[in-house]
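The values are calculated or read from the model by the stated rules, or taken from the named source; none is laboratory data. Remember, it's a predicted structure, so these values are computed and weren't measured experimentally. Ideal geometry is used to build each Cβ from the backbone, glycine not excepted, and the neighbour counts take in all protein chains shown. These accessible areas exclude ligands, DNA and RNA; they are computed on the full protein's heavy atoms, side chains included. Shrake-Rupley method; radii C 1.70, N 1.55, O 1.52, S 1.80 Å.
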Amino acid sequence: MKRAAAIALALMCSTVAARAETIAIVGGTVHTVANPQPIENGTVVVRDGRIVAVGQNVAVPAGARVIDAAGKQVTPGMFNAFTAVGLADVGAVRESNDITARNADYAASLDVSYAVNPKAVPIAVTRIDGVTRAVVSPQPGQSVFGGQGALIHMGDANDVVFKPRAFQFVALGEYGGELGGGTRPAAYAEFINALKEARNVSKAQFVATGGQRAPIYNRADLEALQPVLNGQTPVVIWVERAADIRQVLGLRSQFPQLRIIILGASEGWMVANELAAARVPVIINSLQNQPDTFERLGSTMNNAGRMAAAGVTVALGTMARDESHQARLVLQDAANLVGQARVPGGTGMSWADALKAITLNPAKIFGVDKDLGTLEPGKVGDVVVWSGDPFDLMQAPTNVLIAGKEVKLESRQTKLRDRYLGLQGESLPLHYRY
């Protein structure tokens, strides 16, 4: 079954590689991520959607299309570890927003992959900034369970989901407490009791659907939780304060097979050694440094760096930063970690570690690192050529490959720019003249 799943994932990762050609990217500074030292004057060869060669003295295959990267830098595609991209056209318009099911009779069984729109405007906006993969998550509406999230690619395709039902999303902490009935104990009771019921669905006492509040104990929800119980599917748990993180780590005493991923963790630096010892990865908004809630009183810009220094696997997401439209900002967040490391007394990340936080680490956390996250032979051909240092916000991608297929660097915004930038006076459409 594991072999079949691996083959299926490989096929899904290569969905956008149809009619892929052989491409050789030559002469650039290649950051493989697999090795912290870059390859100067390096070559990356991609064939049929996969990387087949990386190195300094790599022969260019006959008939390959050559991309000249001289004076440029080459990296894997960026991987945003938490977004809602593809789920909302306009966040404030309910009909166009599939992030939260506020009136549903189901919770844990909700599958966000049914809602991802491959033609959503933010997908093109995101990929031209070098982000080629993303985690797409629902948000809880009436219970602590948000449902099942998906992994997507940013290619121009009719189906961008390459791993559906990739994780279960649960909110505990302050927000989970509100959803669970008004307190943290209520949230934990809801979560723990649902897991206990899922252990043996045949003996579960199901709640009838149709009430004013979405029931957790229906068959579909409990069946969706069974792969979480046996460790097949990870559970992303949103908590911020150190005390809540410790409580979440303690859940393994009751459910030892839980594959826990912590989301948020504003006070994660306070329990960094415990997270590292438990081998629990963390997805954070690296710019969350304001004590704007009681559970975030310990927020600091040093958070990510301190956790990484303790051995925690840290990945970056853009939660609380317009998750449906601003997935591209994950690159800026990583750049800020490099800057934080240079502030006197600050703890950030090295350039190489910051790049890993938006490439390999998300792939590891969600179990797709055999295919994604580094530039190595056999990996899926997600490759970005940059005009300069990708963490210099004055630079930008010049070429983006997703599963070996080069995508156009255009979006709705660039098309509007090109359409109207040169028009003057009477040439402008009526509404642009005033």
Q) Is it true that Glu267 is within 30 Å of Ala88 (Cβ to Cβ) and among the acidic types (Asp, Glu)? A) yes
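Here's the yes/no breakdown for (1) in contact with a strand residue (DSSP E or B) (Cβ under 9 Å, 6 or more places away or on another chain); (2) surrounded by 24 or more Cβ atoms within 10 Å (Cβ to Cβ):
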{"position": "Thr233", "(1), (2)": "yes, no"}
{"position": "Glu240", "(1), (2)": "yes, yes"}
{"position": "Ile245", "(1), (2)": "yes, yes"}
{"position": "Gly250", "(1), (2)": "no, no"}
{"position": "Phe255", "(1), (2)": "no, no"}
{"position": "Gly264", "(1), (2)": "yes, yes"}
{"position": "Met270", "(1), (2)": "no, no"}
{"position": "Ala276", "(1), (2)": "no, no"}
Q. Looking only at the stretch 70-84, which residues are more than 20 Å from Ile152 (Cβ to Cβ) and either in contact with a Phe, Trp or Tyr (Cβ under 9 Å, 6 or more places away or on another chain) or open to solvent by less than 10 Å² (accessible area, probe 1.4 Å) (or both)?
A. Lys72, Gln73, Val74
Q) Under the condition of being over 17 Å from Val330 (Cα atoms) and in contact (Cβ under 8 Å) with a residue 40 or more places away in the chain, which residue from the stretch 278-298 is most open to solvent (accessible area, probe 1.4 Å)? A) Phe294
Q.
I need the helices (runs of 4 or more DSSP H) fully contained in the stretch 100-212, keeping only those with at least 3 residues that are farther than 26 Å from Lys379 by Cα and over 20 Å from the mean Cα position of the chain (by Cα).
A. 173-180, 184-199
Q: Pick out the one residue from Gly367, Gly388, Gly378, Gly422 that is modelled with pLDDT under 95 and not in a strand (DSSP E or B).
A: Gly422
Q) Which residue, of Ile358, Ile402, is open to solvent by less than 10 Å² (accessible area, probe 1.4 Å), of a type in the set (A, V, I, L, M) and touching a His at 6+ places or on another chain (Cβ under 6 Å)? A) Ile402
Q.
Can you list residue pairs whose Cβ atoms sit under 8 Å apart, with the first residue in the stretch 171-198 being closer than 20 Å to Leu263 by Cβ and crowded, with 23+ Cβ neighbours inside 10 Å and the second being modelled with pLDDT of 95 or more and basic (Lys, Arg)? Count only pairs 6 or more apart in sequence or on different chains.
A. Leu172/Arg184; Gly173/Arg184; Gly173/Arg241; Gly176/Arg184
Q) Which of (1) within 22 Å of the chain's Cα centre (by Cα); (2) within 30 Å of Arg279 (Cα to Cα); (3) exposed (fewer than 15 other Cβ atoms within 10 Å of the Cβ) is the odd one out, the single condition Asp392 does not satisfy? A) (2)
(Q) When you scan the stretch 351-363, do you find a residue that is free of Cβ contacts under 8 Å to residues at least 12 places away in the same chain and not small (Gly, Ala, Ser), even just one? (A) no
Q: Collect the residues in the stretch 85-98 that are open to solvent by 30 Å² or more (accessible area, probe 1.4 Å) and either in a helix (DSSP H, G or I) or in contact with a strand residue (DSSP E or B) (Cβ under 8 Å, 6 or more places away or on another chain) (or both), keeping them in residue-number order.
A: Asp89, Val90, Gly91, Arg94, Glu95, Asn97, Asp98
Q | Condition check for Ala320: aliphatic (A, V, I, L, M) and out of contact with any strand residue (DSSP E or B) (no Cβ under 6 Å at 6 or more places or on another chain) | A | yes
